[in-house]
Amino acid sequence: MKDVLSNANFPQDAQGRTYHVATKAGQVANRIITVGDQVRAHRIAASFDGGAPLFSFNSQRNFLTLTGTYNGVPVSVVAIGMGFSVVDFFVRECRAVVEGEMIIVRLGSCGSMQPEYGIGTVVVPKASFGISRNYDYFHHSTTAEERSSGALEPYLITKPLDADSEVHDALLAALDSSKPSPSSNLFDGSSVQAVGDTVNASADSFYGSQGRIDPAFIDANSNLIDVIRQRRPGVATLEMETFVLNHLAAAANDAIDLAEANAQPPPHKGKIRTGAVQMIFANRNTSAFITPQECETLERWTGKSVLAALAGITIPEERLHGDGVWN
Ligand code: R1P
């Protein structure tokens, strides 16, 4: 039987479990790795101390939370699925059950926009911007003149938002120090590489707003990749979550700053710091796609590296309020 939830504004059960992620205080660590798929989540959790999580829960809405320790430091891995809206569920609901500072790293797959970053390259972005479908452009009441004059564009491209620089540097250092050795069966015999200081684009669709062509739909996106490259030169990767993660962290941190400026108690006693590690699965320059064996190699390398980076970042005691029950 389902637990009774109360408070339509932010539904939680009597023990504080949230509506969709469905975890409560003591089940989620201050340091979190978020991933798209559950196979990747379990692969990362296999590197926890003792080789297994201490807490594991898959919610009715398919948010999987695995909490364990790495080098004795509590870390949660949360698999959330894909896209902007699941990041919103995940960040807000985990924020509601974690006291103190949070460090959230997205470990995801992506497409490459740069010919020199092929399958086997792992990218650590310093910033991310968003690309959203502009629904009114496609509305039947929009005139041809509005479309051709540029008054309405089919896709909205946001300003970039930064990741946390200490998290960025720790991720890159951890990846560099534990690279898998080259194998003739993988990545065409080439070495893997980790690249930092790049810019990412997060799109609200895998298809239309990433410039994929689908004649079954009107998408007005035949020049979208060129437009993105012109407006944000140097953009390296395309995926679907990192921008929203950075945006929600900034919104949470601004809420704390605003409360403090008004001499009010802050909504939370710690900020949210973010980072991302992006494995190139699709090369949008050549159309190459990763093999299952290459995927497993990258996920094991990056998973362990992100755990090590997170465990190595100090959160001062006064900003760490987790009660560490993990059950
Ligand atoms: C699309 O196939 C999914 O893959 C990428 C995109 O961001 C999107 O979520 O990331 P994940 O592999 O982490 O899901």
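Filter the stretch 11-46 for residues that are open to solvent by 40 Å² or more (accessible area, probe 1.4 Å) and within 20 Å of Ala276 (Cβ to Cβ); which is nearest to the ligand (Cβ to nearest atom)? Per the stated criteria, the residue is Asp37.
From the list Gly196, Gly211, the lone residue that is in contact with a helix residue (DSSP H, G or I) (Cβ under 6 Å, 6 or more places away or on another chain), within 16 Å of the ligand (Cβ to nearest atom) and modelled with pLDDT of 95 or more is Gly211.
Would you confirm whether any residue within the stretch 120-131 is open to solvent by 20 Å² or more (accessible area, probe 1.4 Å) and either free of Cβ contacts under 8 Å to residues at least 12 places away in the same chain or within 16 Å of the ligand (Cβ to nearest atom) (or both)? The answer is no; no qualifying residue exists. On the basis of being within 25 Å of Thr302 (Cβ to Cβ), open to solvent by less than 20 Å² (accessible area, probe 1.4 Å) and not β-branched (Val, Ile, Thr), does Leu172 make the cut? The answer is no for Leu172. For the residues Ser47, Ser56, the requirement of being of a type in the set (Gly, Ala, Ser), part of a loop (DSSP other than H, G, I, E, B) and over 19 Å from Arg95 (Cβ atoms) singles out Ser47.
Whenever a residue of the stretch 4-18 is within 17 Å of Asp88 (Cα to Cα), its partners that are open to solvent by less than 60 Å² (accessible area, probe 1.4 Å) and β-branched (Val, Ile, Thr), lying with C-beta atoms within less than 6 angstrom and at least six residues away or across chains, give the pairs Gln12/Thr18. Every condition in (1) of a type in the set (D, E, K, R); (2) open to solvent by less than 40 Å² (accessible area, probe 1.4 Å); (3) without any contact (Cβ under 8 Å) to a residue 40 or more places away in the chain is met by Asp49 except one, and the failing one is (2). Looking across Ile280, Ile290, Ile228, one residue alone is in contact (Cβ under 8 Å) with a residue 60 or more places away in the chain, within 16 Å of the ligand (Cβ to nearest atom) and over 30 Å from Arg43 (Cβ atoms). It is Ile228. On the stretch given as the stretch 64-108, residues that are assigned to a loop (DSSP other than H, G, I, E, B) and over 24 Å from Ser209 (Cβ atoms) total 5.
The values are calculated or read from the model by the stated rules, or taken from the named source; none is laboratory data. The structure displayed is predicted, hence computed values, not measured ones. Every residue, glycine as well, gets a Cβ built from its backbone with ideal geometry; the counts of neighbours run over all protein chains shown. These area figures cover heavy atoms from the full protein model, side chains too; ligands, DNA and RNA do not enter into them. Shrake-Rupley method; radii C 1.70, N 1.55, O 1.52, S 1.80 Å.
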